[in-house]
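The values are calculated or read from the model by the stated rules, or taken from the named source; none is laboratory data. Note that the coordinates shown come from a computational prediction; the quantities given were computed from them, not determined experimentally. Here Cβ is always computed from backbone atoms with ideal geometry, including for glycine, and neighbour counts include all displayed protein chains. What goes into the accessible areas is simple: the full protein's heavy atoms, side chains included, and nothing from ligands, DNA or RNA. Shrake-Rupley method; radii C 1.70, N 1.55, O 1.52, S 1.80 Å.
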Amino acid sequence: MVTEDQVRIDYINDPELQRRDIRLGMLRLDLLHPVISGNKWFKLKENIKAAHDQGHTAVLTFGGAWSNHLVATAAAARAAGLQAFGVVRGLHADTATSDTLQQCRDLGMQLQTVSREAYNRKEDAAYLEQLGLQFGHPYIIPEGGNNEAGMRGAGTIAGFLPGDTTLVTLAIGTGTTFCGIRQNLAQSCAMLGFPVMKGGDYLQGEIAARLPQSANWQLEARYHFGGFARHNPELITFINDFYRQYHIPLDFVYTAKMMWGLLELARNKELPAHSHIITIHTGGLQGNRSIKDQLCFSLPG
Ligand SMILES: *Cc1c(COP(=O)(O)O)cnc(C)c1O
């Protein structure tokens, strides 16, 4: 099983930050486990527990061909002695060739590729009912672990943050991790989230609705690099340079975009001086498989 004692904070010694008395630490959730990576573990742990508590022997979840969540679920279910089913958004060349899906299968997850139309019904009660019948009533975890249990589990990440932290930053997909942490953090500590998909500003309303009691948070949606999982040569160069300088591997889908954005804000003096910033490495390194030939470091595990 996963133990959380691998997690630590590494400090980024950047001269520009030091000049302005900004301490920048990275909470290394990527060190948790090579497959059950980063924030995905935190969102899964309460779901796995609920599956057990409710007497299920299997879990079912959803993801695309390179989904960090899908492979983390496969590994976490296996470790917990639960069978796992994955509904894959398919009819795309990637689903046949994806190393991520192969790893899911190797971990014993049974995959079913469905059309985009079917996949888009993944939150429909009638469709979930149908999947329940088909797979023997597994415990259903929504895509990305985006439910109440997921948010509760993600909230425990706040426990790793030093008490004098003034700003927490992280990459955003569904916003589940961001909301979970926000709910468990002192209101005096600010939060800045970086959506990694194009048009991420739509998350503003969604997150506000999930956090009726919370303030002191903001989104910075400019650093999407063309869209979810899109990248350009500059981003790849940044990942390699960052690794050479700090010996921290970033993933191109989430953490690299967030880190690029954060360092750009720092250079533009848009980050508060005299602050203690913790940026969260949410893991996801397995996703680098699809660009592994372009990276100067190897994949975990
Ligand atoms: C899934 C993922 C996220 C996004 O998490 P949400 O809770 O969906 O916002 C961020 N970083 C990495 C590395 C991820 O795999």
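Here are some notes:
- Number of positions in the range 152-176 that are surrounded by 22 or more Cβ atoms within 10 Å (Cβ to Cβ), over 22 Å from ASN120 (Cα atoms) and touching a Lys or Arg at 6+ places or on another chain (Cβ under 9 Å): 4
- Qualifying residue in the range 43-52 (condition: away from the ligand (no atom under 16 Å from the Cβ) and in contact with a helix residue (DSSP H, G or I) (Cβ under 7 Å, 6 or more places away or on another chain)): yes
- Residues located in the range 189-210, provided they are in a loop (DSSP other than H, G, I, E, B), surrounded by 18 or more Cβ atoms within 10 Å (Cβ to Cβ) and more than 12 Å from the ligand (Cβ to nearest atom): CYS189
- Of the candidates PHE297, PHE228, the single residue that is under 22 Å from VAL71 (Cα atoms) and more than 18 Å from the chain's Cα centre (by Cα) is PHE297.
- Residue count for the range 119-131 satisfying the condition of being in contact (Cβ under 8 Å) with a residue 12 or more places away in the chain and either part of a helix (DSSP H, G or I) or aromatic (Phe, Trp, Tyr) (or both): 3.
- Residues that are within 23 Å of the chain's Cα centre (by Cα) and in a helix (DSSP H, G or I) were ranked within the range 85-99; the one that is modelled with the highest pLDDT is ASP99.
- Look at the range 168-188: where a residue is more than 7 Å from the ligand (Cβ to nearest atom) and among the hydroxyl-bearing types (Ser, Thr, Tyr) and a partner is open to solvent by 10 Å² or more (accessible area, probe 1.4 Å) and part of a strand (DSSP E or B), sitting 6+ places away or on another chain with Cβ atoms under 6 Å, you get THR169/LEU192.
- Any hit, the range 169-186, residues being on the phi > 0 side of the Ramachandran plot and at pLDDT 95 or above: yes
- A count restricted to the range 268-291 and to residues that are in a loop (DSSP other than H, G, I, E, B) and farther than 23 Å from LEU101 by Cα stands at 7.
- The range 98-118 residues that are on the phi > 0 side of the Ramachandran plot, paired with ones that are outside any helix (DSSP H, G or I) and surrounded by fewer than 18 Cβ atoms within 10 Å (Cβ to Cβ) (beta carbon under 6 Å, 6 or more apart): none
This table checks each residue for (1) of a type outside the set (Asp, Glu); (2) within 22 Å of LYS43 (Cα to Cα).
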position	(1), (2)
ALA118	yes, no
HIS137	yes, yes
GLY145	yes, yes
GLY150	yes, yes
ASP164	no, no
GLY180	yes, yes
GLY193	yes, yes
